[in-house]
Amino acid sequence: MNASPAAWSLATDTERIAWLTLDKPGTSANVLSSTVLAELEGLLVSLERDPPRGLVLISAKKSGFVAGADIKEFTGILDEASGYTLIRRGQQVFDRLAALPCPSVAAIHGFALGGGLELALACRYRVAVDDERLTLGLPEVQLGLHPGFGGTVRAVRLIGVRAALEMMLTGKPVRAAKARALGLVDALVPEAALRERARALALSAPAAHRPPLLERLLSSAPVRPLLRGSLRARVARRAPEAHYPAPYAIIELWARYGARGPQAFEAEARSMARLFLTPTSRNLVRVFLLQDRLKAAGGKAGRELQHVHVVGAGVMGGDIAAWAALRGFSVTLQDRGAQLIEPALQRAQELFAKRVRDPAQREATRRRLRADVEGAGVAEADVVIEAIFENLEAKRALYASLEPRLKPTALLATNTSSIMLEPLAAALAQPTRLVGLHFFNPVPQMPLVEVVHGERTDAAAVQLATAFARRLDKLPVPCRSAPGFLVNRVLTPYMYEAMLAAGEGVPLPVIDRTAVQFGMPVGPIELVDVVGLDVAVHVGQIIAGQLDRPVTQIPALDALLKAGKLGRKSGAGFYPWREGKAVKDVAGGRAPEDLLDRMILVLVNECVACLREGIVADADLIDAAVIFGTGFAPFRGGPLTYARERGAPELVARLEALAARYGPRFTPDAGWSLLSAGKT
C-alpha cells in the first residue's frame, strides 16, 4: 500500500538555510491537520539533530500561507480528554519550532489565519508580502473557541496585550500596514522579494520584536486584575457569556497567567478542551462546515462569464451591479433614465472607496460599471439580471423586450423576492434559462443568494447561476420555486408576529430586545423598518395569496403606511430614524412570557413546512439559508437545529398551546413528524 503524499518538503540551500515548504495534497489551501502536524514534528526532530544556519517556513499554495487548523477534526472530539490531547500535541510541535537553536522565519503571502498565524508566531521572525490580499488573524472566537496552539500566549508576548486581545476577542483580521505597525510582521516586501528577505532575516538574525514597555507593564500581575473587569464589561456589551463563552475564557487566561510560563500554555489547552464541548462551539463549527458546503456547491461555470447586465437601478439592482463590478465583471446598469441610475453609481463609488485600497485598481473597478439607459449591454451580456419592482406583469413585459436580444447562451435571472418562477417564465420562448438569483439587502454585507429553479428551468442554467454566485463570493443555496422561496417565507411570519404583539401593546423596544437577547442581529420591528413597511406588506400579501392563507391585518401598520411612514428610507416607520439609526425609547418592564416563543416558533414551524415540501434539499440547507440570509443566532446552529435541541415533541405541544390562545397560524405543520423521526 502506497504511503500518502507528503505535505511538507525540506531542502537546504548552499548557505545552509533550510526551506520547509508546506503544500498539503488535494487542497487549495493549507490546513494543519493532525497528519500535517505529525509530519512537521518529524522534520523538526531531524533539524534538532543537525541544526541549519536558519530555517524558513513557506507555502507552495497560491492562495496563501496556512488557513488554520483542520476544522473537520473538531467534530470528532467527544470528551475533554480527546480535545486536550489534540490541542496539547499541536502546542508541543510549535514549542519544538520555537525552541530550535537557529533563527526561524515565516514567509507569508495571502493569509495566515488561526493555527496558521500561530505557526508563524512560533517562528522568531515573520516577513510578508505587502499587497491587498495579506490577511493575518486569530478568528477562533467565531467558532466559539480561542487560539489553542500557543496563540493566547505568543500573541500577547509579541504585540502586547491590547492589540493581541483585540485580535482574539473580535476575530477580526489585520492587513499589511497594521500588521507591520503592530510588530506582527518584521518586514513587508513585494512578492518577488519574499524569499530573499526571508533568507536575509535568517542570516542576519536581528533582535526579535518586543512590545513597548507600557504593553509589558499592562500584563504585570498588579495591573491584570484592574483591567479584567473592564474587558469583561466591554465584551458583555456585544456578547453575553451564556451565548459566547470563548471571549471570556480569553480574558481569564490572560488575567490569570499574563502570557507567562509553561502553565499559560497548559491552561490554554485545558480551556480549549472545555470549549470544544460547549453547544456554542458545536453549533458554530457546524455553521462553518455548512458554509464550506455552500462554497463547494458552486463548481465551475462551464464557460467564461465576463459581462453582466442589470435592469433596475434601485437599491437592490444598483448594489448588485456595483458588487459584480467589484468582483471583476464588466457591468452595464439600465433604468428608465440617467437620473435613476446616478444614485446607484454614487453608492457604488462609496463601496469601491471602502473596499479597494489601491487607487489604480479602484479606478479600474469604477470603469467596469457603466450606465446604460438604452440597454445596449443586453446583447453582449453573459448574465442578465432583472431587479425591478415586485409586479408580475411588469416583469413579464420586461422579459418580452429582453429575450429577443439575449445571446443564445445568456442566463436570464430575476432578483424577485416573492414571485414564483413559473408565472414569470410562462410567456418566454426559452423558459428553461430563467433562474432566480435572490440577493439580500444590503448586498455587500449579506452572503446568501437563493438560486431558484422553476419546473422548467434547465439544470445547466442552475449550475451556471450557482457558479456565478460563487464568482461573486456569495453563498448559493439551491431552492425550488415556491411562494417566498425559503428565507422570505419563514421571515415574514416572524416579522408579522412581532407587529401583532406591538398591536397588543407590547412596547416596541421590548419586542426587539427579546429577539436580540435570543441572538438575532436586530429585532423584528427594527427589521421591518429597514426592509420598508410597504415592501413588507407587499411581499406578505404575495406570499399569503400564493399559499392560500388569509392576509394578516395589522391596523397600526396600515396607519403608518397611510401617514407615509415607510421605515428607515422615509425617516420614520415604527421608529423615528436619525442618521441611519432607529431612535428607541428606553422601555422598562418584562416581555410577556410567551413573546419569544410566538416570534421564534412561528418561524421554526414555517421552516418545518419548507422541509416537508422540499423547498431545499435537506434540513442543513434550511439552517444555512436562514443563518446566512437573516442572521438567525448562529450559535444556536439554525432554526431546525434549535428545534431538535429543544425537542420536537415539546415544541409541537408549545405550538398547540399557542394555537389554542392565538389562532391557527400556530398549528403545528405535518412535517414535525419527520423531524421527530430524524428523517432529515
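The values are calculated or read from the model by the stated rules, or taken from the named source; none is laboratory data. The model shown is predicted, which means the values in this text are computed figures rather than measured ones. Cβ atoms come from the backbone with ideal geometry, glycine included; neighbour counts cover every protein chain shown.
So here's what we get for this one:
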quantity	calculated
Filtered residues of the stretch 321-340 (kept if part of a helix (DSSP H, G or I) and either within 27 Å of the chain's Cα centre (by Cα) or crowded, with 23+ Cβ neighbours inside 10 Å (or both))	ALA321, ALA322, TRP323, ALA324, ALA325, LEU326
Residue in the stretch 573-580 that is modelled with pLDDT under 95, more than 30 Å from HIS453 (Cα to Cα) and acidic (Asp, Glu) present	yes
Condition check for LEU182: assigned by TED's automatic domain parsing to the domain that holds ILE108 and surrounded by 13 or more Cβ atoms within 10 Å (Cβ to Cβ)	yes
Pair list, Cβ < 7 Å and 6+ apart or interchain, from the stretch 231-247 residues that are closer than 18 Å to ARG274 by Cα to residues that are aliphatic (A, V, I, L, M) and part of a helix (DSSP H, G or I)	PRO245/LEU275; ALA246/VAL141; ALA246/LEU275; PRO247/VAL141; PRO247/LEU169; PRO247/VAL235
Residue in the stretch 351-358 that is basic (Lys, Arg), over 30 Å from VAL537 (Cα atoms) and surrounded by 14 or more Cβ atoms within 10 Å (Cβ to Cβ) present	yes
Flag for ARG590 being of a type in the set (Lys, Arg), assigned to a helix (DSSP H, G or I) and more than 21 Å from ALA536 (Cα to Cα)	no
Residues of the stretch 464-509 that turn out to be in a loop (DSSP other than H, G, I, E, B) and either closer than 12 Å to ILE543 by Cβ or out of contact with any Phe, Trp or Tyr (no Cβ under 9 Å at 6 or more places or on another chain) (or both), as a count	10
Conditions (1) in contact with a Lys or Arg (Cβ under 7 Å, 6 or more places away or on another chain); (2) modelled with pLDDT under 95: number failed by VAL586	(1)
Scope the stretch 547-581; condition touching a strand residue (DSSP E or B) at 6+ places or on another chain (Cβ under 7 Å) and either outside any loop (DSSP other than H, G, I, E, B) or more than 19 Å from PRO524 (Cβ to Cβ) (or both); matching residues	ARG568, GLY571
Near pairs, Cβ below 9 angstrom, 6+ apart or cross-chain, from the stretch 43-72 (acidic (Asp, Glu)) to any residue that is assigned to a strand (DSSP E or B) and modelled with pLDDT of 95 or more	ASP70/LEU32
Residue satisfying all of: in the stretch 146-179; in contact with a strand residue (DSSP E or B) (Cβ under 6 Å, 6 or more places away or on another chain) and touching a residue at least 40 places away in the same chain (Cβ under 8 Å); nearest to SER281 (Cα to Cα) among these	PRO173
Which listed residue is in contact with a Gly (Cβ under 8 Å, 6 or more places away or on another chain) and surrounded by fewer than 19 Cβ atoms within 10 Å (Cβ to Cβ), from LYS569, LYS562	LYS569
Qualifying residue in the stretch 197-215 (condition: farther than 20 Å from LEU57 by Cβ, in contact with a Phe, Trp or Tyr (Cβ under 7 Å, 6 or more places away or on another chain) and part of a loop (DSSP other than H, G, I, E, B))	no
GLU393 buried (at least 18 other Cβ atoms within 10 Å of the Cβ), in a helix (DSSP H, G or I), assigned by TED's automatic domain parsing to the domain that holds ARG327 and over 34 Å from the mean Cα position of the chain (by Cα)	no
Residue under evaluation PHE468, criteria (1) surrounded by 22 or more Cβ atoms within 10 Å (Cβ to Cβ); (2) touching a residue at least 40 places away in the same chain (Cβ under 8 Å); (3) touching a helix residue (DSSP H, G or I) at 6+ places or on another chain (Cβ under 7 Å); (4) closer than 26 Å to VAL383 by Cβ, criterion not met	(3)
Qualifying positions in the stretch 510-548 - of a type in the set (D, E, K, R) and surrounded by fewer than 14 Cβ atoms within 10 Å (Cβ to Cβ)	ASP548
Residue tally, condition assigned to a loop (DSSP other than H, G, I, E, B), touching a residue at least 40 places away in the same chain (Cβ under 8 Å) and over 31 Å from the mean Cα position of the chain (by Cα), over the stretch 399-444	1
Residues located in the stretch 291-320, provided they are in a helix (DSSP H, G or I), at pLDDT 95 or above and more than 21 Å from the chain's Cα centre (by Cα)	GLY317, GLY318
Some residue of the stretch 637-660 being of a type outside the set (A, V, I, L, M) and closer than 23 Å to SER418 by Cα	yes
Which numbered condition ALA106 misses (of (1) surrounded by fewer than 21 Cβ atoms within 10 Å (Cβ to Cβ); (2) in contact with a helix residue (DSSP H, G or I) (Cβ under 6 Å, 6 or more places away or on another chain))	(1)
Number of positions in the stretch 521-536 that are modelled with pLDDT of 95 or more and either over 12 Å from MET495 (Cα atoms) or touching a His at 6+ places or on another chain (Cβ under 8 Å) (or both)	0
Among the residues listed as SER9, SER33, SER82, the single one being modelled with pLDDT of 95 or more and touching a helix residue (DSSP H, G or I) at 6+ places or on another chain (Cβ under 7 Å)	SER33
Pick from the stretch 142-155, criterion farther than 21 Å from VAL105 by Cβ and aliphatic (A, V, I, L, M), ranking: surrounded by the most Cβ atoms within 10 Å (Cβ to Cβ)	LEU145
Residues located in the stretch 242-290, provided they are part of a loop (DSSP other than H, G, I, E, B) and farther than 22 Å from ARG636 by Cβ	GLY258, ALA259, ARG260, GLY261
So LEU275, is it at pLDDT below 95 and farther than 30 Å from VAL530 by Cβ	no
Selected residue [on the phi < 0 side of the Ramachandran plot and outside the structural domain of THR514 (by TED's automatic domain parsing)] from ALA591, ALA609, ALA624, ALA582	ALA624
Single condition TYR125 does not satisfy, out of (1) among the hydroxyl-bearing types (Ser, Thr, Tyr); (2) buried (at least 24 other Cβ atoms within 10 Å of the Cβ); (3) farther than 25 Å from ALA200 by Cα	(3)
